[in-house]
């Protein structure tokens, strides 16, 4: 199985006629994602890679719905308006690709999403992919590489770094370890679906047998996963790598969500806490495939 996305879910792309929307809609459509509509105000009647374009999400939902997912390629300043429009139209999963979305906009999206029973991934995310089924966003870049790099299997992947998301899955695949779903949760300090949220979804997926997590300094996402393990709410084997070992207080590592402030969010504390609850924490990124294979062989 997979979490959040499969080949049947009906997808709309907001901002489909923009540069990124046009390029990434081609990737999604050719990979097999069930993209049924695009939205750009004032561009109704156009067609992008065989996908009909509408002025609003509500109109797209009436003509092509019901819509399950929206992938948003809208300039950061307009993301809140687009996201709230999708939620109002009944869409239950949003993938917010842009970075630098204003913090208070993200908080408002989160509030409304919770009220309406919706979920969002991002902002500042490459998206997610369920190998062999569907891709949302830009993971893989081109359909050829997405098909070559990401192999179906029983390991879930959750990552705070876009580039590392692809790298983990690529090297797992080369080692013969397939994945159920691969998620880049997003690089901002405030996001919609965090590591703890993702591992809980993997816990419920009977076909995911283990999870690989790429964590970083900053925020408390990794400690949140450790808390779930301690309480018995996440019971599957976890293989983890934490980036930013050399970072000191005040250091920003890669993106906005990875910054140490005072004694919070340090590499050492995250590693200590995860090991304390039984996670397989690796010191060398290159160890991830081997440790994952060992874990699977011992199940």
Within the stretch 191-211, identify whether any single residue is buried (at least 24 other Cβ atoms within 10 Å of the Cβ), out of contact with any strand residue (DSSP E or B) (no Cβ under 6 Å at 6 or more places or on another chain), modelled with pLDDT under 95 and not assigned by TED's automatic domain parsing to the domain that holds residue 113, and answer yes or no. no
Assess whether residue 110 counts as being farther than 18 Å from residue 8 by Cβ, part of a helix (DSSP H, G or I) and under 17 Å from the mean Cα position of the chain (by Cα). yes
Given the condition without any contact (Cβ under 8 Å) to a residue 12 or more places away in the chain, part of a helix (DSSP H, G or I), surrounded by fewer than 23 Cβ atoms within 10 Å (Cβ to Cβ) and assigned by TED's automatic domain parsing to the domain that holds residue 111, answer yes or no: does some residue in the stretch 77-90 qualify? yes
When both residues are 6+ apart or on different chains and their Cβ atoms are under 7 Å apart, which pairs have a first residue that lies in the stretch 40-62 and is over 12 Å from residue 13 (Cβ atoms), and a second that is part of a helix (DSSP H, G or I)? 50/29; 56/85
Checking residue 66 against (1) surrounded by 16 or more Cβ atoms within 10 Å (Cβ to Cβ); (2) assigned to a loop (DSSP other than H, G, I, E, B); (3) free of Cβ contacts under 8 Å to residues at least 60 places away in the same chain, which single condition isn't satisfied? (1)
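For the stretch 1-35, what are the residues that are touching a helix residue (DSSP H, G or I) at 6+ places or on another chain (Cβ under 6 Å) and assigned to a strand (DSSP E or B)?
So the first thing to find is which residues in the stretch 1-35 are touching a helix residue (DSSP H, G or I) at 6+ places or on another chain (Cβ under 6 Å), and the list is 3, 12-16, 27, 30-31, 35.
If the condition is that a residue be touching a helix residue (DSSP H, G or I) at 6+ places or on another chain (Cβ under 6 Å) and assigned to a strand (DSSP E or B), then 12, 13, 14, 35 are the ones that fit.
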If you go through the stretch 91-132 one residue at a time, how many are surrounded by fewer than 20 Cβ atoms within 10 Å (Cβ to Cβ) and at positive phi? 3
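Being assigned to a strand (DSSP E or B), under 21 Å from the mean Cα position of the chain (by Cα) and either modelled with pLDDT of 95 or more or under 27 Å from residue 110 (Cα atoms) (or both): is that true of residue 38 here?
Spelling it out, residue 38 is indeed assigned to a strand (DSSP E or B), under 21 Å from the mean Cα position of the chain (by Cα) and either modelled with pLDDT of 95 or more or under 27 Å from residue 110 (Cα atoms) (or both).
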Criterion first (at pLDDT below 95, closer than 30 Å to residue 77 by Cα and in a loop (DSSP other than H, G, I, E, B)) does residue 141 satisfy it? yes
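The values are calculated or read from the model by the stated rules, or taken from the named source; none is laboratory data. These numbers were taken from a predicted model, which means no experiment stands behind them. With ideal geometry, Cβ positions are generated from the backbone for all residues, glycine too; neighbour counts draw on all protein chains shown.
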